[in-house]
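Q: Here you go, one structure.
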Amino acid sequence: MNRRRTPRSASAEDLLNTLQDLTARARREVEFHQARVELAQALQRDMLPAALPTLPGLQSAARYAPARHGLDIGGDWYDGFPLADGALGFAIGDVQGHDVEAAAFMGQVRIAMRAIAGTASDPGEILGRTNDLLVSVDSGLFATCTFLRLDPTTWELHSARAGHVASVWATTGGRSGVTEDPGGLPLGIEPGEGYPVTRRTLDCDGAIVLLTDGVVEGPSLLIEEGLERVRQLVAARAGAKAALLADEVLGATEMTGHEDDAAVLVLRHAAVRRGAR
């Protein structure tokens, strides 16, 4: 019986060529992806503020961490700066998506918000005008955000929320909670969106913690469970320095599976001192 077979040498050569082609293609894809990750990391690092504002009786601290494998980076940010009326503004947010496009959009949001805050101080107005500007550029991306205004004379805190995850607060006297104030849609979706402002006075020693969903939500944790765990942590450490508390809250990302980037912004405040600066 006559059996035809492909010569072994030809078969081995074809296989070798195929493997070489696949290896070269994989190497190009890895190098391209690594370049994008490194660019996103550089954008993230250079766009986040080097320092946050403080005043007597107020400590502020923030932390950022990329996803565990460095693949999901670029969407989360925090900021803090003086407002037009002398108050302090603090913001935290999260851009839809990741990588270079999200990092660049994050930079646009921060720049727009700072520019608008040069002529406005109401958190709802700042978010509303930022939203309209982002809608007008039609980038196809959107961002969630929480914006706070702290009056350094009265210690009144005004806050507005654009689709962002809730904040956590605690006092050194033992009270704590998760603050889900009413808000509007994320920035960049619908023109003319309104953002209601919630007002409260910091009349107790304590801490306010703003965070992104990468801290409290992931494959290993529902967001409600994550917020409750962070509430317990902040309640137990409400008297700690802002930097230490920020480190500990950021450590809570390990509970989520850490597949998303994460940001934390902590305001550690003394009791209100009326009429004092």
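Q: Using a probe radius of 1.4 Å on heavy atoms only, what accessible surface per residue do you get for the stretch 51-269? Whole Å² is fine. Write out the running numbers ahead of the final one.
A: On the way: 8210 Å² over 219 residues.
On a per-residue basis, 38 Å².
Q: Could you tally the net charge around residue 244, taking each other residue with its Cβ under 12 Å from the Cβ of residue 244, Lys/Arg +1 and Asp/Glu -1?
A: Values: positive: 63, 237, 241, 268; negative: 247, 248.
Charge balance near residue 244 sits at +2.
Q: Here is a follow-up. Stokes-Einstein at 10 °C, 1.306 mPa s, Kirkwood radius from Cα pairs: D for the stretch 141-277 in µm² s⁻¹?
A: Numbers: Rh = 15.6 Å.
This corresponds to a translational diffusion coefficient of 102 µm²/s.
Q: Further question: Using the Kirkwood radius over C-alpha pairs as Rh, can you work out the diffusion coefficient of the stretch 49-184 via Stokes-Einstein at 20 °C, viscosity 1.002 mPa s, in µm² per second?
A: 136
Q: Separate question: What percentage of the solvent-accessible surface of the stretch 181-252, computed with a 1.4 Å probe over protein heavy atoms, is contributed by carbon and sulfur atoms? Intermediate results must be reported in sequence, preceding the final value.
A: Numbers: 1640 of 3180 Å².
Looking at the stretch 181-252 in its full context, I get 52 percent from C and S.
Q: I need to check one value: relative contact order of the stretch 51-269, counting alpha carbon pairs closer than 8 Å and at least 6 residues apart, in percent.
A: It rounds to 26 percent for the stretch 51-269.
Q: Taking Rh as the Kirkwood radius, which is the inverse of the mean 1/r over Cα pairs, what is the Rg/Rh value for the stretch 132-181?
A: That ratio is 1.13, to two decimals.
The values are calculated or read from the model by the stated rules, or taken from the named source; none is laboratory data. Note that this is a predicted model, so its numbers are computed, not measured. Don't worry about glycine lacking a Cβ; one is built from the backbone with ideal geometry, like all the others, and counts go over all protein chains shown. Side chains are part of the model used for accessible areas, which takes the heavy atoms of the whole protein and leaves out ligands, DNA and RNA. Shrake-Rupley method; radii C 1.70, N 1.55, O 1.52, S 1.80 Å.
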